[in-house]
Amino acid sequence: MTETRATDTLSVLDRPNSYIGKTVPRPNLDRLLQGRGQYVSDLEMPRMAHVVFLRSPHAHAKIVMIDADAAKRMSGVISIVTGRELEAVITPWVGVLSHLKGLKSAPQHAIAVDRVCWQGEAVAAIVATSRAAAEDAMEHIAVEYEELEAVTDMCTALDPATPVIHASLGDNLAFERTLDAGDVDRALSESDVVEADFVFGRHTGVTLEPRAVVADWNAAEARLTIYQGTQAPHMVQNIAALHLGLREAQVRVVCKDVGGSFGIKVHIYADEMATYALSKLLRRPVKFVADRVESFNTDIHARDHRCRGRIGVRPDGTITAFEIDDLTGIGPYSMYPRTSAIEANQVVNLVGGPYVTPNYRARARVVFQNKNVMCQYRAVGHPIACSVTEGLVDLAAARIGMDPVEIRRRNLIADDAYPCASPSGMRFEQLSHHASLAKLLQMMDYDALRAEQAALRARNVHRGIGIASFIEVTNPSAAFYGVGGAKISSQDGVAVRLDAQGSVICQTSITEQGQGSESLTAQIVGSVLGVSMERVRVILGDTDNTPYGGGTWASRGAGIGGEAALQAAKALRRNILDVAAAILQSTPAGLDIVNNSIVNADDGTPRIELNELARIVYFRPDTLPPGIQAELIATRHFVPRQYPFAFTNGIQASWLEVDVETGFVTLLKHWVVEDCGTIINPQLVDEQIRGGVVQGLGAALFEKCIYDERGQLTNANMADYLVPMSGEMPDIEIGHVVSPTQESELGAKGAGEAGTAGAAAAVANAVNDALRPFGAIITEIPLTPQVILTALGRI
Amino acid sequence: MKAAAFAYARATSVVNALELLAAHGDRAKVLSGGQSLMPAMNLRLLSPDILVDIGGLAELRGIAVRGNVLVVGALTRHVDMLRSPEIALHAPLLRDAVAHVAHPAIRNRGTIGGSLAHADPASELPPCVVALDATVVIRGPAGERRIAATEFFKGIYETALSPDELLVAIELPVAGQGSTFFFQEYARRHGDYAIVGLAARAVVAVGGFTDLRLGFFAVGDRPLLAAAAGKLVNASVTPALLAEAATALADELDPQEDQQATAAMRRHLAAVLLRRCVAALLARPELEAGAAT
């Protein structure tokens, strides 16, 4: 037995010709670069109609009357459908989860019925032969509104004088969570206390391809096929079936290429639900592709938080306590089905997380308002928690005159202290804060940079260094959604089969949005099987043709889907060796698969090629010994059970220059050290981190959905909403520390959100570091020239 | 985001274009590079009945030197100006400015005539032609007329052009002896419209200005040729004099507030730009600090 598994006990990751830990090109690159991607936006079908939504110009209003008579008579118009009419086909929903105690929301309709609650909510659907024809008709629909007072300022949303958006809920408080660990009052009473208000700009994840759906109800089959750019096909299947009155088996969700997701496409949107319903109502394929203005007005927003934070510190640098009071406005409805309480909940979970202090008190309140819905976007809650924590740590260091690195060194959880838990109950298997800090300082040459900063300051050039440690939630178990009653799977499955010419087909329930799911799956399967990657074909994104699973979100694809792939490949490998042993009159233990051939395990002598083995199995099974039935397909599933989340950690640093006359910030360099456990493809991991950093830098300097006091989004276009662009981005250098999780054989944790988690905090700390001679402290992002000049008293 | 239906005519000559404009009046729009017009139509902010496409009119293309005048055809694209040796030699300010105009894809289609006729107060080329004392050449039903660039811009998206006229060329005096130039703008990202910008032409002799034209942009409803520049000409430029000029400049500005900047911030940035411009043109970095703390 021991001998049998000699090649197995040598980790499957270390096999000859392993692709694990190697930068190999993604299998889908050529297809995408040659313009052969299959995006929903490009999909055409016979009899396909296009839907455009007439959207409310008001933040809050009664719908008195909709007159679509003239529009219905226009050329190309197939149907115009109101919310009331669509109700016959699709039921409303309420975005709550039972484990978020007290979370409440109101029923939301696919198209508004009687009342609109944010500027951009759909009021009517215009279905026509082309998008242009639908837009022409839209101009001829008359809607009479009776404007209602809009609740826009989250700070006053709970005041008694403020109108209640949903009378049935009693007030505008969607969710509140408090936490009190250790003895915060005593700790603060024995410390220097520093406090600050941290303000975050509401922003959104601007995907290159907007949200896109083609829904095709086939009345003959009584089956709905939904082609959609989504991160969670099985979740879409479940929700669509539930609200259309269908069984899940009557809904197929197909998700081929997706032009960017970032958490934007992990939710169920009202206009997408309306599109499914319209297809059923009209018995034909209906396509909805959000245009850019609609995207800004209806894609979930995120991060609209104000957080008061306090930190206690002793003269020797010991951090004694953290305390936060977080307030966030989520729009008029809690989003479905993941809810809009998760971000605030994460903030409570994560503040202070890298540090040893046991004293932590938190309150988070989530309030309704008449703005676009807010929900989870890449690194949910992390940038808020990290900015508050790391901002407070820097303020504490400044208060006692200690270097920002030194205070972290004295307070970060020791690398040998694991397993342990945070005051908020987060359990850490193995983190590497100190190793990461040491590596970061070496990469950035911290001391030299400090010297350069001092020299430049003497010449009136103001540069700053900002550092931010962070922890990241990855590989979520059922603790995230399942326990709250959401039908969102936390397990994933992979099926691997050997075809008749020795090629491998691999079906996985994780999805691909450009982050490399296809590549990492092929790398793992190829490595474990002993088959070259170009022989491995990966199929994803089809509820009819993949195992059941969660999809790709919360940095779970590699850690969970990757482990399922590894186990499935191991199982198929055993099956192949069993057959090989029968054919070759050997034992499975005496054989191995290397480079597409069965070889002798001891000396590597080739025995039979896989394609020959497959030929025998599929076409000449009569030649196999009696009683041998080959199974050249294997399926395995995986879900983490020991830890609710596989926490990762890392640290970031920013080096930048502030022009104190103009308030403009120039990013000069950014460093990240990150520990995601086993690295499957270094380039993919680094690209993920860089992309995440760029989104964090966008939050730090540029991105904000600007609403006026009446609840109008005033910059819903690419000219006025500033996404980060390459011209402003610094070089981003990345290093790794590797602490594999022991919960899986693969050992991989997630890496998708690490970059976003800490980038803004590092930049904010660097700006404050640069402005130290001026006594200005800014705890608000985005750090616009206006904000900086105001803080400097220049204007 | 689809444009409303419109008719389309591709002009075969300037005369033909003028006939089309005469026939349709303000229901027509001239299509040049389309870099501002097409987005506005797709957003249904503009719904012209007909587009008169002048893109095929070779007579409107090209850059040529005639005596001491540099003539730039209205259809000359930004990228053409960026690469033109004539522009580099005789009007380098335009080259410097064009580098700030949006991104390569837009510079490959956008034209100087389109930019000037569009008259966005935050765009780069209008202040350049004002600073360079250019002349705008216009053809209409009554023939050709010339108008000083300083008289051409009338307000936000408003110019001296009437609906039946076509901007056909820009005439620029070639750069003389001792001419120096300065172009800078403050924008949140490369390629964005400026929050505040300055295009300047100066003649420097013996350490001072014998001429100085300062074309500020994004500080009002049209490019501003700052009269405050006069304080610095034929004078010994000291920090005190520069501060005086900045004060005078502030009185001339009428900046708008928008999402990027308050009026106060625009005034502040204009003063910073003035100091930096003068310091750069005179090669006296100490002037840049100004009254700054």
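The values are calculated or read from the model by the stated rules, or taken from the named source; none is laboratory data. Since the structure is predicted, the reported quantities are computational estimates derived from the model, not experimental observations. Cβ coordinates were reconstructed from backbone atoms using ideal geometry, including for glycine residues, and neighbour counts include every protein chain displayed. Heavy atoms of the whole protein, side chains included, go into the accessibility calculation; ligands, DNA and RNA do not. Shrake-Rupley method; radii C 1.70, N 1.55, O 1.52, S 1.80 Å.
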Q | Count of the range A:239-252 residues which are more than 20 Å from the chain's Cα centre (by Cα) and under 13 Å from A:Ile226 (Cβ atoms) | A | 9
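Count, please, the residues in the range A:608-645 that happen to be closer than 30 Å to A:Gly747 by Cβ and touching a Phe, Trp or Tyr at 6+ places or on another chain (Cβ under 9 Å). Walk me through how you get there before you give the answer.
Initial filter on the range A:608-645 (closer than 30 Å to A:Gly747 by Cβ): A:610, A:631-645.
Filter once more, so that each one left must be touching a Phe, Trp or Tyr at 6+ places or on another chain (Cβ under 9 Å): A:632, A:637, A:643-645.
Summing the residues that are closer than 30 Å to A:Gly747 by Cβ and touching a Phe, Trp or Tyr at 6+ places or on another chain (Cβ under 9 Å) in the range A:608-645 gives 5.
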Q.
Considering only residues that are basic (Lys, Arg) and open to solvent by less than 40 Å² (accessible area, probe 1.4 Å), which ones fall in the range A:11-50?
A. A:Arg15
Q: Within the range A:362-398, work out how many residues are open to solvent by 10 Å² or more (accessible area, probe 1.4 Å), out of contact with any Gly (no Cβ under 6 Å at 6 or more places or on another chain) and in a loop (DSSP other than H, G, I, E, B).
A: 1
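If we keep just the residues of the range A:608-640 that are within 21 Å of the chain's Cα centre (by Cα) and not aliphatic (A, V, I, L, M), which is farthest from A:Ile505 (Cα to Cα)? Explain how you work it out, then say what you get.
Taking the range A:608-640 first, the residues within 21 Å of the chain's Cα centre (by Cα) are A:638-640.
Still in the list and also not aliphatic (A, V, I, L, M): A:638, A:640.
Values: A:Phe638: 19, A:Pro640: 25 Å.
Restricting to residues being within 21 Å of the chain's Cα centre (by Cα) and not aliphatic (A, V, I, L, M), the top hit is A:Pro640.
Could you grab me the full set of residues in the range A:663-700 that are of a type outside the set (D, E, K, R) and over 21 Å from the mean Cα position of the chain (by Cα)?
Narrowing the range A:663-700 to residues of a type outside the set (D, E, K, R): A:663-668, A:670-673, A:676-685, A:688-689, A:691-700.
Result: A:Gly663, A:Phe664, A:Val665, A:Thr666, A:Leu667, A:Leu668, A:His670, A:Trp671.
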(Q) So, in the range A:249-266, how many residues would count as being in a strand (DSSP E or B), hydrophobic (A, V, I, L, M, F, W, C) and under 20 Å from A:Leu29 (Cβ atoms)? (A) 0
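This table checks each residue for (1) more than 14 Å from chain B (Cβ to nearest Cβ); (2) within 27 Å of A:Ile788 (Cβ to Cβ); (3) in contact with a strand residue (DSSP E or B) (Cβ under 8 Å, 6 or more places away or on another chain).
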residue: A:Leu697; (1), (2), (3): no, yes, yes
residue: A:Cys705; (1), (2), (3): no, yes, yes
residue: A:Pro724; (1), (2), (3): no, yes, no
residue: A:His736; (1), (2), (3): yes, no, yes
residue: A:Ser739; (1), (2), (3): yes, no, yes
residue: A:Glu743; (1), (2), (3): yes, no, no
residue: A:Ala748; (1), (2), (3): yes, no, yes
residue: A:Ala757; (1), (2), (3): yes, yes, yes
residue: A:Ala761; (1), (2), (3): yes, yes, yes
Q. Among the residues of the range A:154-166, is there at least one that is under 34 Å from the mean Cα position of the chain (by Cα), open to solvent by 50 Å² or more (accessible area, probe 1.4 Å), outside the structural domain of A:Asp67 (by TED's automatic domain parsing) and more than 21 Å from A:Arg363 (Cα to Cα)?
A. yes
Q: Look through the range A:291-300, keep the residues that are part of a helix (DSSP H, G or I) and not aromatic (Phe, Trp, Tyr), and return whichever of them is nearest to A:Gln712 (Cα to Cα).
A: A:Asn297
(Q) For the structure I just gave you, tell me whether A:Asp180 is surrounded by fewer than 15 Cβ atoms within 10 Å (Cβ to Cβ), in contact with a strand residue (DSSP E or B) (Cβ under 6 Å, 6 or more places away or on another chain) and closer than 30 Å to A:Pro383 by Cβ. (A) yes
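Filter the range A:301-323 down to the residues that are part of a loop (DSSP other than H, G, I, E, B) and under 24 Å from A:Ala157 (Cα atoms) and list them by number. Working first, answer last.
Filtering the range A:301-323 down to residues part of a loop (DSSP other than H, G, I, E, B) leaves A:303-304, A:314-318.
A:Arg303, A:Asp304 - these are the residues of the range A:301-323 that are part of a loop (DSSP other than H, G, I, E, B) and under 24 Å from A:Ala157 (Cα atoms).
So, in the range A:558-599, of the ones that are among the hydrophobic types (A, V, I, L, M, F, W, C) and not in a helix (DSSP H, G or I), which residue ends up most open to solvent (accessible area, probe 1.4 Å)?
Residues of the range A:558-599 that are among the hydrophobic types (A, V, I, L, M, F, W, C), as a first pass: A:558, A:560, A:564-566, A:568-569, A:571-572, A:576-577, A:579-584, A:589, A:591, A:593-594, A:598-599.
Next cut, not in a helix (DSSP H, G or I) only: A:591, A:593-594, A:598-599.
Working: A:Leu591: 3, A:Ile593: 1, A:Val594: 37, A:Ile598: 0, A:Val599: 12 Å².
So, considering only residues that are among the hydrophobic types (A, V, I, L, M, F, W, C) and not in a helix (DSSP H, G or I), the one most open to solvent (accessible area, probe 1.4 Å) is A:Val594.
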**Q.** Whichever residue in the range A:769-783 is open to solvent by 20 Å² or more (accessible area, probe 1.4 Å) and more than 22 Å from A:Ile471 (Cα to Cα) and, among such residues, is nearest to the chain's Cα centre (by Cα)
**A.** A:Ile777
**Q.** the range A:777-791 - residue that is touching a Gly at 6+ places or on another chain (Cβ under 7 Å) and part of a loop (DSSP other than H, G, I, E, B) and, of those, nearest to the other protein chains (Cβ to nearest Cβ)
**A.** A:Pro782
Q.
What's the total number of residues in the range B:1-45 that are assigned to a loop (DSSP other than H, G, I, E, B), touching a residue at least 12 places away in the same chain (Cβ under 8 Å) and either of a type in the set (Ser, Thr, Tyr) or within 14 Å of chain A (Cβ to nearest Cβ) (or both)?
A. 12
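Do we find that A:Ala757 is under 21 Å from the mean Cα position of the chain (by Cα), assigned by TED's automatic domain parsing to the domain that holds A:Ile467, open to solvent by less than 10 Å² (accessible area, probe 1.4 Å) and modelled with pLDDT of 95 or more in this structure? Please lay out each step first, then the result.
Values: under 21 Å from the mean Cα position of the chain (by Cα): yes; assigned by TED's automatic domain parsing to the domain that holds A:Ile467: yes; open to solvent by less than 10 Å² (accessible area, probe 1.4 Å): yes; modelled with pLDDT of 95 or more: yes.
Here the answer is yes, as A:Ala757 does meet what is asked.
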(Q) So for the range A:498-505 (the condition being surrounded by fewer than 19 Cβ atoms within 10 Å (Cβ to Cβ), under 25 Å from A:Tyr227 (Cα atoms) and modelled with pLDDT of 95 or more), does at least one residue qualify? (A) yes
(Q) Which condition from (1) within 26 Å of B:Cys128 (Cβ to Cβ); (2) touching a strand residue (DSSP E or B) at 6+ places or on another chain (Cβ under 7 Å); (3) open to solvent by 40 Å² or more (accessible area, probe 1.4 Å); (4) not in a helix (DSSP H, G or I) is the one that B:Val72 breaks? (A) (3)
(Q) Can you confirm whether B:Ala148 is within 14 Å of chain A (Cβ to nearest Cβ), surrounded by fewer than 16 Cβ atoms within 10 Å (Cβ to Cβ), more than 21 Å from B:Pro39 (Cβ to Cβ) and touching a residue at least 12 places away in the same chain (Cβ under 8 Å)? (A) no
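Restricting attention to the range B:262-269, does a residue exist that is closer than 28 Å to A:Leu701 by Cα, surrounded by 16 or more Cβ atoms within 10 Å (Cβ to Cβ) and more than 14 Å from chain A (Cβ to nearest Cβ)? Can you show your working first?
Just the residues of the range B:262-269 that are closer than 28 Å to A:Leu701 by Cα, to begin with: B:262-269.
Those left that are additionally surrounded by 16 or more Cβ atoms within 10 Å (Cβ to Cβ): B:262, B:265-269.
With the extra rule that they be more than 14 Å from chain A (Cβ to nearest Cβ), the set shrinks to none.
Checked against the condition, which is being closer than 28 Å to A:Leu701 by Cα, surrounded by 16 or more Cβ atoms within 10 Å (Cβ to Cβ) and more than 14 Å from chain A (Cβ to nearest Cβ), the range B:262-269 yields no hits at all.
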Q) Pairs under 6 Å by beta carbon, first residue buried (at least 22 other Cβ atoms within 10 Å of the Cβ) in the range A:196-216, partner among the aromatic types (Phe, Trp, Tyr) and not in a strand (DSSP E or B), six or more apart or different chains? A) A:Gly205/A:Phe262; A:Gly205/A:Tyr377; A:Ala215/A:Tyr276
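With the requirement that a residue be among the β-branched types (Val, Ile, Thr) and away from chain B (no Cβ under 14 Å), what does the range A:629-676 give you? Explain how you work it out, then say what you get.
Within the range A:629-676, the first condition is being among the β-branched types (Val, Ile, Thr), and the residues that meet it are A:633, A:635, A:639, A:648, A:651, A:658, A:660, A:662, A:665-666, A:672-673.
Across the range A:629-676, the qualifying residues are A:Ile633, A:Thr635, A:Val639, A:Thr648, A:Ile651, A:Val672, A:Val673.
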**Q.** Failed condition for A:Asn649, given (1) open to solvent by 20 Å² or more (accessible area, probe 1.4 Å); (2) touching a residue at least 12 places away in the same chain (Cβ under 8 Å); (3) outside any helix (DSSP H, G or I); (4) polar (S, T, N, Q)
**A.** (1)
Q: Tell me which residues, restricted to the range B:75-107, are more than 22 Å from B:Gln177 (Cα to Cα), open to solvent by 50 Å² or more (accessible area, probe 1.4 Å), within 14 Å of the chain's Cα centre (by Cα) and not hydrophobic (A, V, I, L, M, F, W, C).
A: B:Arg77, B:His100
